[in-house]
Amino acid sequence: MKNKYKKDPNRSTCANINCQSKVHLVNYENGKPIYRTVCQNCHYANIGYKHYRYKQGVIPIKKDFCQNFMYGIIHGIPESKQRECPTQHDKTKINMAGETGVLPSECLDLDHIDGDHSNNIPKNLQGLCKNDHVYKTKLMGDHRTRGPNAFVRDSKVEKEDLRIHVPEAIEHNFWEN
């Protein structure tokens, strides 16, 4: 059987430390591949699906807390647009590192700080709750870099304010001689 789509030569590797597998292909939107940040095995190991476990030596980068809740900052957005995490965190749960405010895996997303979904280095990824991830994505225009609306990130321009402004009154001395 012939493949419907060509293999992607630019397919990145899994974001987890010491995992060299290719990222998991989720589906195609308008002929463009949509990938996860991690490989299929790491994804299933993270959500606890069936018998999947992380491979020997693989260190997952996805935390079990929202980094905005813990550190009070969403990387990649201006300081003036920062906000507190609106998600209700269970402060009674404590993870292995002694941190409170643990959330289940399905309530957390891995966000690319620079908006480039193929840049899977650990410094470019942050764990955010769904509310903060949507806020950052809409604010920074990251949703335009994926799927059918994809464009080259480098050619992105700042939005201009195209609203009509009320003109200021100008004083003239027409009637004075």
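Sort through Cys42, Cys85, Cys14 and tell me the only one that's touching a helix residue (DSSP H, G or I) at 6+ places or on another chain (Cβ under 6 Å), within 18 Å of Pro104 (Cβ to Cβ) and not acidic (Asp, Glu).
Within the list Cys42, Cys85, Cys14, the selection yields Cys85.
Does Lys22 fit the bill of being among the basic types (Lys, Arg), surrounded by fewer than 11 Cβ atoms within 10 Å (Cβ to Cβ) and either touching a residue at least 12 places away in the same chain (Cβ under 8 Å) or within 21 Å of Ser118 (Cβ to Cβ) (or both)?
In short, no.
Okay, residues lined up against (1) closer than 22 Å to Pro122 by Cα; (2) assigned to a loop (DSSP other than H, G, I, E, B):
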position	(1), (2)
Lys7	no, yes
Ala15	yes, yes
Val26	yes, no
Ile34	yes, no
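Does any residue in the stretch 61-74 that is among the hydrophobic types (A, V, I, L, M, F, W, C) come within less than 6 Å, Cβ to Cβ, of a residue that is part of a helix (DSSP H, G or I) six or more places away or on a different chain, and which pairs are these?
Once the first residue is among the hydrophobic types (A, V, I, L, M, F, W, C) and sits in the stretch 61-74, its partners that are part of a helix (DSSP H, G or I) give Ile61/Pro122; Ile74/Asn68; Ile74/Asp132; Ile74/Lys136.
Filter the stretch 45-60 down to the residues that are more than 18 Å from Ser105 (Cα to Cα) and touching a residue at least 12 places away in the same chain (Cβ under 8 Å) and list them by number.
Within the stretch 45-60, Lys55, Gly57 qualify.
Please note which strands (runs of 3 or more DSSP E) are completely contained in the stretch 46-116 and include at least 3 residues that are modelled with pLDDT of 80 or more and either buried (at least 18 other Cβ atoms within 10 Å of the Cβ) or not assigned by TED's automatic domain parsing to the domain that holds Leu139 (or both).
Per the criteria, 108-112.
The values are calculated or read from the model by the stated rules, or taken from the named source; none is laboratory data. What you see is a predicted model; the values in this text were computed from it and never measured. Note that we place each Cβ from the backbone using ideal geometry, even for glycine, and neighbour counts take in every protein chain shown.
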